[in-house]
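Scroll down for the structure; my scribbles are underneath it.
Nothing in this text is a laboratory measurement; each read-out follows from the coordinates by a stated rule. As the structure is a prediction and not an experimental result, all values here were calculated from the model. When we count neighbours, we look across all protein chains shown, and the Cβ atoms used for this are built from the backbone with ideal geometry, even at glycine.
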Amino acid sequence: MKQILVFSLLFMGFVAVAKTMFLEEAKAFLEDEKKSVGESGMPPRRTPQDLAFHRFVAEDWKRALTLLENDAPDLRRQNLIVVVAEVLPAQDYVQFLNGVCALVESGKLQMSGCCFLWGSFLKNGFLAYNYDQPEVATVIDRIEAIYKVHEPGKLESYFSEIKSGETKKFVIRDCTNYGEPMPETYKSNSTEAYRRLMKEHTELLAEEAKKAKGKIKPESAPKERKTVRIAEEDGSVRIALIDDDPPEDDPVEDNTVPWKLPFVIGTLVISSIVVAWYCFRKKKKCEN
């Protein structure tokens, strides 16, 4: 029972993670210094907890902004939230970027939090590819204005090339040459990234649950025992219980042979009759 209870608790734990993280769990996740965005711009995605954090951000971008404002004082934590937010559908992602800009503009978030705003994980080339959409153009202007205030003279050519459409031409040429799909469009507002996240999370949870189950040795069910009648030497019969399937190296002798005693008695009777008949015939011959 204890083993079954342990497995049930483990399974319930996986189900809890499968739903997503609570706010306090997300804060604890950010506190782990091992969790960071890699040099390639890839956030951690190896464990169920990693993907649960992705879902925390993806399922409520306003809640993610609150986490960014109150619980991400350094670049490592800011990057985690901003990069993971790229799993959002395009229109939600643009609203999230506007929210980040508002935090920076109001002084609630330091400039370091904007270092990944142009996309490097799932939204690579997104802003440039959609620069001519009014909502995207607005957020590009807003990000550029922030850099002009906080880091004047930096990235001027970067923004001018995006706003002229030159970067979009480069993105299209680059994707074509390398056989990569084009960035998603703002109007499509695709949820494909979130669906992939859900699928990956579910599969990883199932794999972890399978591993956990393998570590718990299931209790063997009690063997059924059957009633047998055993004839004793004194002619009495006793009732006993034996295993239904005795081990091969220690077989249980089946003493349930009620035919033995009648067989012996019958043999003696027949033998006596044969002997008596033989004696009778011999006596008859002698008389004659």
Using 7 Å Cα-to-Cβ label points, what is the Glu144/Thr191 separation (nm, one decimal)? 3.4 nm
With Glu135 itself left out, Lys, Arg at +1 and Asp, Glu at -1 over residues whose Cβ is under 13 Å from its Cβ give -1
What distance in nm separates the two pseudo spin-label positions at Thr66 and Ile270, each 7 Å out from Cα along the beta-carbon direction? 9.5 nm
Please compute P(r) over all alpha-carbon pairs of region 2-215, binned at 5 Å starting from zero, and give each bin as a whole-number percent. 1, 7, 14, 17, 19, 15, 11, 7, 4, 3, 2, 1, 0, 0
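How much net charge surrounds Glu192 when only other residues with a Cβ under 11 Å from its Cβ are counted (Lys, Arg +1; Asp, Glu -1)?
Values: positive: Arg195, Arg196, Lys199; negative: Glu184.
Counting the neighbours of Glu192, the net charge comes to +2.
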Net charge (Lys, Arg +1; Asp, Glu -1) of residues whose beta-carbon lies under 14 Å from that of Glu144, Glu144 excluded, is -1
Computed E for Ser160/Thr47 - FRET, C-beta separation, R0 41 angstrom, nearest 0.05: 0.50
Going by how many other beta carbons lie within 10 Å of each one, how would you line up Val139, Val84, fewest first? Val139, Val84
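For Cys101, Cys175, which order do you get if you count the other beta carbons within 10 Å of each Cβ and list the fewest first?
Numbers: Cys101 20, Cys175 16.
Fewest-to-most Cβ neighbours within 10 Å comes out as Cys175, Cys101.
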Once label points are set 7 Å from the Cα along Cα→Cβ at both Glu151 and Asp132, what is their separation, rounded to one decimal in nm? 2.9 nm
